[in-house]
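What follows is a set of notes on a single structure, which appears directly below.
The values are calculated or read from the model by the stated rules, or taken from the named source; none is laboratory data. Please read all numbers here as calculations on a predicted model, not as lab measurements. When we count neighbours, we look across all protein chains shown, and the Cβ atoms used for this are built from the backbone with ideal geometry, even at glycine.
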């Protein structure tokens with residue numbers, strides 16, 4: 001019996017870029033075994049070394065999570081569709097009592113007139129928006145559209161947490177900023193833009209990273225949180241703090257062409273840990289900086305987050321509580337999956353084991369003492385761009401290995417380099433020179449992280465004369481060849 005499996009974009013490189021495949025089998029486990037036999041490179045992304053399904057990968061038969069069915073023994077029919085949902089590197093009584101709601105001014109009536117004539121919003125709903133306090137964690141791809149629409153909607157107090165500066169590469173998707181803002185602190189530029197859009201609201205800037213030390217202090221001053229974080233430690237931090245405070249968490253995440261949205265940490269709904277109890281191992285899920293993201297996608301997901309926040313504030317509609325929205329912009333497909341509270345969740349169940357905020361970098365495996373995503377290489381395993389350029393000028397035989405993706409290689413490259421993407425390296429070892437007469441190998445990527453992992457892999461496999469190019473091709477462009485384009 002053949003069953004259809006939907007493949008999200010982060011995993012499509014391991015299935016020859018197919019968005020859906022037909023696989024034979026009677027149960028989910030049989031289907032997965034056949035799928036990973038056919039596409040061997042997909043297996044480590046779905047299963048642990050001991051054969052157990054990874055906890056940051058969820059499987060749905062139609063719209064039901066197999067964890068609430070029979071797990072991998074769940075029977076399937078030809079009419080069923082299996083969806084792989086991996087984690088991806090953003091009326092609840094929120095407002096004050098009616099008597100305490102702020103009055104609307106004449107300017108408010110003019111500004112929000114299109115809201116006021118809607119029975120679902122009306123004057124009372126607009127007063128709730130004016131009283132509301134919303135915190136946006138991250139002022140980047142998701143935070144930009146979310147904060148713009150929340151400001152335009154009249155959310156009275158809008159908090160922003162960020163500590164970055166505007167980079168040229170941000171402008172492709174972070175519509176809160178313009179070209180003149182490049183080099184400016186994001187919060188300064190964001191505060192200015194949001195105040196221009198709606199001078200009647202209060203914008204509160206929280207400069208610096210959200211941490212286990214300051215999260216509860218910052219977040220307890222807000223009615224709900226819009227999670228626009230771009231890394232897993234921040235995701236789990238926001239979730240746990242929201243659960244501990246009883247503050248709804250409007251979640252969104254993006255990668256390449258796929259987006260997710262939900263509402264977590266409400267009184268009767270699941271939290272982020274119910275969906276993803278554990279984070280993926282460092283380096284297994286690439287960040288948007290490594291894998292890219294279609295510029296319009298964060299606009300779509302961030303706007304959905306703003307809509308969910310507004311629905312929660314005014315008490316209208318059906319928020320995404322207990323539901324996970326999946327958006328595939330390539331297929332222009334929207335699916336909504338059911339979510340349930342995990343009765344053994346570490347933070348939101350009666351059996352909780354987490355009663356306070358923890359070290360989230362350590363929990364996600366990226367603490368300074370253990371960074372497997374970017375191995376600490378001995379000095380003799382590292383070389384500088386100046387040393388490599390000098391060897392090239394002297395016409396020494398050096399084999400330059402580029403482990404970036406083909407799209408990156410098209411933008412810029414070191415002359416004479418050979419492209420083997422990091423994910424393809426294990427099966428293309430025969431293309432890498434080795435032996436007594438082989439040349440020295442210098443490996444590079446964009447900034448040095450992926451190439452460090454490649455060097456560690458090659459060293460473990462017996463390649464001895466291998467070095468990592470410190471700073472990657474960005475350092476090469478900055479210090480050797482500024483005529484090339486950066487990204």
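Table for the structure above
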| read-out | value |
| --- | --- |
| Scan of the range 38-58 for residues that are over 19 Å from residue 6 (Cβ atoms) and either in a helix (DSSP H, G or I) or in contact with a helix residue (DSSP H, G or I) (Cβ under 7 Å, 6 or more places away or on another chain) (or both), ordered by number | 40, 44 |
| Out of 169, 195, sole residue that is within 24 Å of residue 224 (Cβ to Cβ) and not in a strand (DSSP E or B) | 195 |
| The range 246-272 residues that are not assigned by TED's automatic domain parsing to the domain that holds residue 218, paired with ones that are at pLDDT 95 or above and part of a strand (DSSP E or B) (beta carbon under 9 Å, 6 or more apart) | none |
| Test result for residue 317, assigned by TED's automatic domain parsing to the domain that holds residue 137 and touching a helix residue (DSSP H, G or I) at 6+ places or on another chain (Cβ under 6 Å) | yes |
| So residue 434, is it in the same structural domain as residue 392 (by TED's automatic domain parsing), within 24 Å of residue 386 (Cβ to Cβ) and assigned to a loop (DSSP other than H, G, I, E, B) | no |
| Residue in the range 412-419 that is surrounded by fewer than 18 Cβ atoms within 10 Å (Cβ to Cβ), at pLDDT 90 or above and not in a loop (DSSP other than H, G, I, E, B) present | yes |
| Only one of 380, 424, 408, 386 that is at pLDDT 95 or above and part of a helix (DSSP H, G or I) | 386 |
| Test: residue 357 is surrounded by 14 or more Cβ atoms within 10 Å (Cβ to Cβ) and in contact with a strand residue (DSSP E or B) (Cβ under 8 Å, 6 or more places away or on another chain) | no |
| Contacts under 8 angstrom Cβ, first residue in the range 35-54 being more than 19 Å from residue 82 (Cα to Cα) and not assigned by TED's automatic domain parsing to the domain that holds residue 16, partner assigned to a helix (DSSP H, G or I) and modelled with pLDDT under 85, 6 or more apart | none |
